[in-house]
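This report concerns only the one structure given below.
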Amino acid sequence: MIDFSLDPDLERLKARTEDFIRDQVIPYEGDPREQAHGPTDELRHELMAKARDAGLLSPHVGTEYGGMGLDKRAMAVVFEAAGYSLLGPQALNCAAPDEGNMHLLEVVGTEAQKDQWLRPLAAGEIRSCFSMTEPEGAGSDPNMLETTARLDGNRWVIDGHKWFITGFDGARLNIVMARTAERIEHGQGATMFLVDNDDPAIERIRVQDTLESSFAGGHCEIRFHDLVVTPDRVLGEIGEGYKYAQVRLGPARLTHCMRWLGAARRAHDIATAYANKRKAFGKPIGEHEGVGFMLADNAMDIYTSRLAIWHTAWLLDAGDEARQESSMSKVICAEAAFRVVDRCLQILGGMGITSDTLVERLWREVRPFRIYDGPSEVHRWVIARRLLSRARKQARPE
């Protein structure tokens, strides 16, 4: 039986994080340095300095590299608390894509690579991005990867086209996925490279205008033109890029769930307070079943999402890859978070579609989560394939 209770130390850390977000981070909401393509680095550094002083910086990174060294279950508690403000993950230095990239480097990188890249990332001194998605199709179907890396002597030369590269603008490190074989077969043939993002062989084509605006550096379309990479910049083994992608993407899906659960809870709290004071037809609107039932449904969606996150975190802490559970949690939480925020906007009525509260923005921020890190439909397809495969194995005669 899984024990979901929090030990006293984690309870104290939860309370300390919640206090920090309420007292130190939420007052920055609406700062002009929150821009259309994410918060500026000036704002991020200002917030991270406060988190550093509070002992809350980089909760997901090992203590030997400057982080707090939390396990996945403790991260679930802290990340949800951070997500209560859109600026919270930026302040704690646990926002995407840096959080997932730090985890990848910690698991796969050499000690030299960790010293060069992980330590400054954990300290909040630099940002990073992860270049995998391509206009021609590589994304949900990674076998369609067209960016190539060819050997020229003992160096690699990368050519290709990427888009929706989150955090590209202002990032120092770019983790690039490129095909190093003629074709991708059985998950083999792609390799990851650690690239200086200011290399002139990287062309920024455009910053893409998207529905949301909470990711530092926005999302960019880029192109690599004969980008030369030395052998020490290979991350892990040649040809094993997809294996390492799962090291990154599986936990990263879950940490997205943690953060967006905090955002959904923020919207719910705003709507609940409004439903308590706004009156119509002789009583607060929350006492009318049409609104009260929406609040109840919110509470159930939040509860179910938290259970899914904690169960998957428990499996990961126990050493289970939990791939199916990560996929299920991603779909459950992405869809539940949007339902919560959408109901909250409806409860607020006309005010809900204005910027008078944070809910309108949260609606825009949460909606894309059903698409990135694998659309809900792709995760359902993967889950169904596993279920059918398991059923076929069980049906075989002894």
Label 7 Å along Cα→Cβ of Leu307; the range 64-86 residues with amide nitrogen under 20 Å?
73-74, 76-77, 80
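Tell me, what is the FRET efficiency for Glu64 and Arg396 to the nearest 0.05, using R0 = 56 angstrom and their Cβ-Cβ distance as r?
0.75
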Name the long-range amide H neighbours of His219: under 5 Å, sequence gap of 5 or more, or other chain; modelled H, no Pro or chain starts.
Gly167, Gln208
Working from the alpha-carbon coordinates of the range 146-188, get Rg over Rh, Rh being the Kirkwood radius.
1.02
What ³J(HN,Hα) values, in whole Hz, does the Karplus curve 6.51 cos²θ - 1.76 cosθ + 1.60 give for the range 329-341 when θ = phi - 60°, with x put for Gly and Pro?
4, 4, 5, 4, 6, 4, 6, 5, 4, 5, 4, 4, 5
Angle check, please: helix 241-277 long axis (alpha carbons) against the longest principal axis of the chain (alpha carbons), in degrees 0 to 90, nearest 10.
20
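Most exposed first by the Cβ proxy, i.e. fewest other Cβ within 10 Å, how do Arg253, Arg278 rank? Write out the running numbers ahead of the final one.
On the way: Arg253 24, Arg278 15.
Ascending Cβ contact count within 10 Å gives the list Arg278, Arg253.
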Would you mind calculating the gained length between Asp9 and Asp196 on full extension (0.36 nm times residue separation, minus the Cα-Cα distance), in nm to one decimal?
63.4 nm
Can you tell me the Rg and Dmax of the range 38-129, counting just the alpha carbons, in angstroms?
12.1, 36
Acute angle (nearest 10 degrees) that the helix 72-83 long axis makes with the longest principal axis of the chain, alpha-carbon atoms:
60
Taking the Cα centre of the range 243-395 as origin, work out the dipole magnitude from +1 charges on Lys and Arg Cβ and -1 charges on Asp and Glu Cβ, in debye rounded to 20.
460
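Can you give the Kirkwood hydrodynamic radius of the range 113-194 from its Cα pairs, in Å with one decimal? Please report the intermediate quantities before stating the final value.
Working: mean 1/r = 0.0729 Å⁻¹.
Computed over Cα pairs of the range 113-194, the Kirkwood hydrodynamic radius comes out at 13.7 Å.
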Note on the range 210-262: alpha-carbon gyration tensor, axes a ≥ b ≥ c; rule is a/c under 1.5 for rounded, else prolate if a/b larger than b/c, else oblate; result oblate
Solution diffusion estimate, µm²/s, Stokes-Einstein, the chain, Kirkwood Rh from C-alpha pairs, 4 °C, viscosity 1.567 mPa s
59
Selected from Gly350, Pro368, Cys333, residue furthest toward positive end of dipole (the range 307-375; charges at beta carbon)
Gly350
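Kindly rank 57-68, 180-191 from highest to lowest mean number of other beta carbons found within 10 Å of each residue.
Working: 57-68: 20.2, 180-191: 15.7.
Going by the mean number of other Cβ atoms within 10 Å, highest first, we get 57-68, 180-191.
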Starting at the first residue of the range 189-205, write each ³J(HN,Hα) from the Karplus equation 6.51 cos²θ - 1.76 cosθ + 1.60 with θ = phi - 60°, in whole Hz, x for Gly and Pro.
x, 10, 9, 9, 10, 9, 10, 5, 6, 8, 4, x, 6, 9, 9, 8, 6
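List Met328, Met75, Met48 from most exposed to least, where exposure is judged by having the fewest other Cβ atoms within 10 Å.
Fewest-to-most Cβ neighbours within 10 Å comes out as Met328, Met48, Met75.
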Where the Cα pairs of the range 243-395 fall when distances are cut into 10 Å bins, in %:
11, 35, 28, 16, 7, 2, 0
I'd like to know how the range 128-239 sits against the 2.2 N^0.38 Å rule of thumb: what's its Cα Rg over that expected value?
1.02
Proxy reagent accessibility, fewest Cβ within 10 Å first, across Asp297, Asp98:
Asp297, Asp98
Per the beta carbon screen (other Cys under 4.7 Å), unpartnered cysteines of the chain come out as Cys94, Cys129, Cys220, Cys344
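Quick check on my link table: of Lys14/Lys72; Lys14/Lys279; Lys14/Lys243; Lys72/Lys330; Lys114/Lys330; Lys50/Lys243, which ones sit more than 25 Å apart, alpha carbon to alpha carbon? Please list the in-between numbers first.
Details: Lys14/Lys72 14 Å; Lys14/Lys279 34 Å; Lys14/Lys243 33 Å; Lys72/Lys330 15 Å; Lys114/Lys330 29 Å; Lys50/Lys243 37 Å.
Violating the 25 Å limit, Cα to Cα: Lys14/Lys279; Lys14/Lys243; Lys114/Lys330; Lys50/Lys243.
We did not get these values from a lab; they are worked out from the coordinates using the rules stated. Note that the structure is a prediction, hence the values are computed from the model and not measured. Cβ coordinates were reconstructed from backbone atoms using ideal geometry, including for glycine residues, and neighbour counts include every protein chain displayed.
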